[in-house]
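To start, the structure itself, in structure tokens.
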Amino acid sequence: MHFAGQQTHSSRLSWLQRGACLALVMLLSACGFALRGVTPMPFNTLYVGIPDTTQFGADVRRSLRAASPDTKLVSDPKEAQAILQQVNEVRTLREVSLNAQGRVEEYELGINYTFRLIDAKGRALIPDTTLSIYREMPYDDQVVQAKQGQIETLYKTMQRDLVSRLLRRMTAPEVRHAFENAEQRAEDGDTPLYDPTMPDQKRTPAPWQTPSTTDPALLR
């Protein structure tokens, strides 16, 4: 049985809890902490040197716009304060487990993606960095076609994880510090230099094609 006094007391506690949560949020904001969400990049313009004809390139651009809406993605690197350069990308498919008959029971799928982020003068904000993602998948050679579809789906999931990791690196506090102190870092001589006019890959990168379990040349 509930009494009016109990309901009033419960409502009062509810409002007190809401007030405490609001006060905590305001306190964290005042101390310089940001809740999870938009993390703007320190530059006004960015050139993304990843082919926009690939799903990966489209996902990267979409994530960057969402995370830093005030940063304009430009189509010419000469107009950009910062440039994201794609250095290399490789997909791998490796046997990791065999049964007593010597047939594959498990594969390891991998993506190794190397990138760099530089300013307009070629000074590294993020030097050459490789992001690696691996997943293991059980395999049955009696259902090859179904497994090939599963491999494609798993690679797409890994690719989305890769986009998230790339975004976290580009919006990290270290990037802001490197960008705002680029001149001083260059004078100290501890900043790698790269060519800001390096041409992009003009084709759909072969490594983004899904390796096949029926092609021995792609197994490592």
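Any read-out appearing in this document is the output of simple, stated calculations on the displayed coordinates, not a laboratory observation. Note that this is a predicted model, so its numbers are computed, not measured. Neighbour counts are summed over all protein chains in view; Cβ atoms, including those assigned to glycine, are modelled from backbone coordinates with ideal geometry.
Brief remarks on what is shown
- Selection among Ala182, Ser164, Asn99 by position relative to the dipole of the range 45-186 gives Ala182 as farthest towards the positive end (Cβ unit charges, Cα centre).
- Unit charges on C-beta of K, R, D, E only; dipole of the range 45-186, Debye: 460
- Local net charge near Tyr107, Cβ-Cβ under 10 Å (Lys/Arg +1, Asp/Glu -1): -2
- Within straight-line cross-link reach of Lys156, aspartates and glutamates at Cα separation under 12 Å, skipping those fewer than 8 residues along the same chain: Asp59
- Per-residue HN-Hα couplings for the range 42-59 [Karplus 6.51, -1.76, 1.60; θ = phi - 60°; Hz; x = Gly/Pro]: x, 10, 7, 10, 9, 9, 9, x, 10, x, 7, 7, 9, 4, 4, x, 5, 5
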